[in-house]
1. Looking at A:THR152, A:THR163, A:THR190 in this structure, which one is in contact with a helix residue (DSSP H, G or I) (Cβ under 7 Å, 6 or more places away or on another chain) and among the β-branched types (Val, Ile, Thr)?
2. Quick test of your reading of the structure: B:ALA81 fulfils all but one of (1) more than 13 Å from ligand 1 (Cβ to nearest atom); (2) in contact with a helix residue (DSSP H, G or I) (Cβ under 8 Å, 6 or more places away or on another chain); (3) over 20 Å from A:MET65 (Cα atoms); (4) more than 7 Å from chain A (Cβ to nearest Cβ). Name the failing condition by number.
3. For region A:259-275, name all the residues that are free of Cβ contacts under 8 Å to residues at least 60 places away in the same chain and either more than 25 Å from A:LEU401 (Cα to Cα) or surrounded by fewer than 23 Cβ atoms within 10 Å (Cβ to Cβ) (or both).
4. Cβ contacts < 9 Å: first residue over 27 Å from A:LEU397 (Cα atoms), restricted to region A:86-97; second residue modelled with pLDDT of 80 or more and in a strand (DSSP E or B), any location; separation 6+ or different chain. Result?
5. Does B:VAL51 fit the bill of being within 15 Å of B:CYS102 (Cα to Cα), within 16 Å of ligand 2 (Cβ to nearest atom), buried (at least 17 other Cβ atoms within 10 Å of the Cβ) and not assigned by TED's automatic domain parsing to the domain that holds B:TYR101?
6. Looking at region A:220-236 only, could you name the residues that are within 11 Å of chain B (Cβ to nearest Cβ) and either among the aliphatic types (A, V, I, L, M) or under 30 Å from A:PHE85 (Cβ atoms) (or both)?
7. Within region B:71-92, which residues are away from ligand 2 (no atom under 16 Å from the Cβ) and either part of a helix (DSSP H, G or I) or without any contact (Cβ under 8 Å) to a residue 40 or more places away in the chain (or both)?
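The values are calculated or read from the model by the stated rules, or taken from the named source; none is laboratory data. All values derive from a computational prediction rather than experimental measurement. Glycine gets a Cβ as well: all are built from the backbone with ideal geometry, and neighbour counts include every protein chain shown.
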Amino acid sequence: MDTAINSSRRKFLVSSAGGFALGFVLPELLSISEADAAATGTQVNTWLNIGTDNSITLTVGASEMGQGSFSGLAQIMAEDLMVDFARIATVQGGPTLANPAPVGSAINTVGSSVTRRNYWPLRDAAASAREMLIQAAMARVGDAARANFSVTNGVIEHAPSGTTLTYGAVAAAAALLSAPVNAPLVPDNTFKAIGRPLRRVDIPAKVDGSAKYGIDVRLPGMVYAVIKHCPNFGGKLAATPVKPSNMIAVVPVSVAAGTGRGTETTSMVNAVAVVGSNTWDTWQAAKRLSVKWTLPPNASALNDAQFLADAQRLATNATPYVAGGANPPGTLYTVEASATDAKAALANSAKVVDATYTLPYVAHACMEVLSCTVDYVPGVKCDVYAPTQSARSVLALVVSLTGLKESQIKINTTYLGGGLGRKAETDFVSQAVQVAMAVKRPVQLFWPREEDFTRDQYRPMALIHAKVGLDVSGNVNAWTYRNVSPSILGQRGSVLGAKGDSQAYEASQDLPYAFGARLTEWVSHPSPIPVGFWRSVGASINTFGVESMIDELAAAARADPYDFRRRRITDPRWLAVLDAAAQLGNWSTPLPKGRARGIAIGTAFGSIVAQVVEISGSTSAIRINRVAVVIDCYLSVNPDSVDAQLVGGVVHGLNAALYGKQSFSQGAAQSRNFNRSRMIRPNEMPQVLTKIMPNPAVSDRSIAIGGVGELGVPTLAPALANAYFKLTGVRQRSLPFFPNATMGGL
Amino acid sequence: MPTYTLNVNGQNRTVTVSDGGMPLLWVLRDLLNLTGTKYGCGIEVCGACTVLVDGQREHSCVFDVSSAVGKNVVTIEGLSANRSHPAQKAWIDNQVPQCGYCQPGMIMTVAGAMKAGHRGSEIQSEVKNLCVCGTYQRIKQAISSL
Ligand code: FES
Ligand code: FES
């Protein structure tokens, strides 16, 4: 097999392995221009292969966790390659997997980014590949007039002679050409794949048990390890426990550099892994194992009451950020401030609404618990099988833990049984590698559900204090907003700038409303409970604060909540989304007594989203009857996948708003399984209607495509709270609605 | 170390376990390499581990292997050849799964209800398994065709 690589143009790598292969870089959160800069052997993360047998394969570095991104990418590719979508096979790639040459840096799958960030690079790559194949056909036929050639489903036709050549027939010849610059794209008005509800490629394997998740990996000679952490965050192993006689090993596990958050400092031994011959026996041995832990000196301060007291203090009294200063937790950052002093302007307001909103820590609770399988041979190899959103970070981690070269390491990304941000973390991978290095045989590390709930990196708790003034005609003349919450980026070692943590303040600035003076602040809360990226991140917190307050202002101004928003939004895209949501949610149709609607609008990951939630009941029990969701993501690749993501996001948002809460006592998480973390069940599902604003007639590269995967979440909680106020007259300023709900067995 | 013979997906399989209280879930997954049946909670709350034992829906995370001796166990792998069970077809037609992790349990729950002679809305009210991805709306649609 000839794998000589021709990198005549930096944007693409061309190889003749098995026919024709085009390698390129798909960006993640990089800007497209950065991705354009270089396609080198170590950077390429995506390959398009066209076999001499006419097979078409797209090898993807991103992870599939149910968001349909594999299908979305294949759908985009199909358009400009001019082949039927069904002909493209998608394969999970990864760093250092040979196919045909190393797929260098895999993509980290975060920020609702896979489809939107890759749209244009993928279309360009497909168009270049198509033109190379056509050039090869032109040489074969001996006609240099491009206009004489056309393509139908991967068959090139030369009109004057009637000659047809398949892509496979010219693949080997095309691989010797250099990739063209600016190959023309298929015009929007002739799209056959983009914008269509095509069936997802991963679904058949998900209805017959054949889809392999991290927990399903089985290797010859594999043993099973079960993790047992110190129940208290910040606690460490006091003495290595005695190995039970029926077990293979008990391995102390430490926090690897770069994987610890908050209380978890590098090298501290905060867990043991019990190793045995199957999951169940090993898990029982781990439960019975008596382990002595040393609690941290501040354990007594690691509880909900203290976290709330700290937040309340910082809501009024925090030390401002100093450029170049130490800026320890507890620092006040100015996110946005108008030239006019907003606090002073409050004095001129006819009416002031002063409200404090609180949100708890929330666990990810992916349906699949964390697990990772490692086959390590000292000095020779380390094969990792993980349900990871961060294959690229995993590779770097394994290099640092094992000292092996990248070429000796394979990161195999399995299907993810939910990712939700939790599987972007690599703590569980580092633990599995440590166990494999200790036992020197293939091992699968398993986290029981109780470990998964109690050792999460939670959505940050938050306390938001907003004080907003209305003038005599009901216009907002002063908006002050301060969010106090632990810093996700700070816990990852970032040095925060003058505005603070972008993950914490997103969706609290650049609001769409015409306000007078405004002051938006964020204070880093000092709680060391590990926090992380939870579906829609800061938007899920700030949209609750902002859109609850907007509703309170509407009530204070005695205005209809939809109309109040409408009159203060000027951007036509925002207005169109708001109007569409009101229409889809039947806003103007009167409801019978005992039913009410609430509305909210917001933004995340470059998309605009609005929801109308309709509920019934009373303060003690509510039923969610109907939810209307409208999104403007500029361009949707697969409307059926967008619908699935939005509806799923509504459920996720409902679970969190109604019941989601993790409590702490002495640094130990209190909710340990689903029985203490209620979620809605199928029979409680509201009717959810979705609408996607239409794709542009002619898409414009300079307009960012918005994310979809996380967008169902942020407006749900405020729209629900706003409906609840309308229904009951009670303003729910603290989430969740029902913090003590439990869930019975099936 | 007791040894048991079970009939799983139409085949007799013999397993040796440390004690008869090992849940069927882990026997299937770790000893018989049938990983389609999933672990979600281990306490009979989520339904991800649902299998059929003599046609009845059982939560394999709490079902002792010793109790399955002499009975017919059907897992998602043995539900049909080529995804031909009506529930599997409906799941594909309605593009139900997202991450897919809960779906073997969902489909086996529905298959059990169908075996009991239940249909459509009757099944809808019986399916209570958790899906964190929130595919409930499409599950309802899929079931309505059964
Ligand atoms: S794993 Fe058996 S019900 Fe959840
Ligand atoms: S499809 Fe992911 S949990 Fe149900």
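1. A:THR163
2. Against the list (1) more than 13 Å from ligand 1 (Cβ to nearest atom); (2) in contact with a helix residue (DSSP H, G or I) (Cβ under 8 Å, 6 or more places away or on another chain); (3) over 20 Å from A:MET65 (Cα atoms); (4) more than 7 Å from chain A (Cβ to nearest Cβ), B:ALA81 comes up short only on (2).
3. Residues satisfying the conditions are A:THR265, A:THR266, A:SER267, A:MET268, A:VAL269.
4. If the second residue must be modelled with pLDDT of 80 or more and in a strand (DSSP E or B), the pairs left are A:ARG87/A:ILE56; A:ILE88/A:LEU48; A:ILE88/A:ILE56; A:ILE88/A:THR57; A:ILE88/A:LEU58; A:ALA89/A:ILE56; A:ALA89/A:THR57; A:ALA89/A:LEU58.
5. In short, no.
6. Scanning region A:220-236 gives A:MET222, A:VAL223.
7. Scanning region B:71-92 gives B:GLU77, B:GLY78, B:LEU79, B:SER80, B:ALA81, B:ASN82, B:ARG83, B:SER84, B:HIS85, B:PRO86, B:LYS89.
Each row is one residue, and each column tells you yes or no for (1) among the aromatic types (Phe, Trp, Tyr); (2) within 14 Å of chain B (Cβ to nearest Cβ); (3) under 24 Å from A:ALA668 (Cα atoms).
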position	(1), (2), (3)
A:VAL443	no, yes, no
A:VAL472	no, no, no
A:PRO486	no, no, yes
A:ALA498	no, no, no
A:GLY516	no, no, no
A:GLU521	no, no, no
A:HIS525	no, no, yes
A:PRO528	no, no, yes
A:ARG535	no, yes, yes
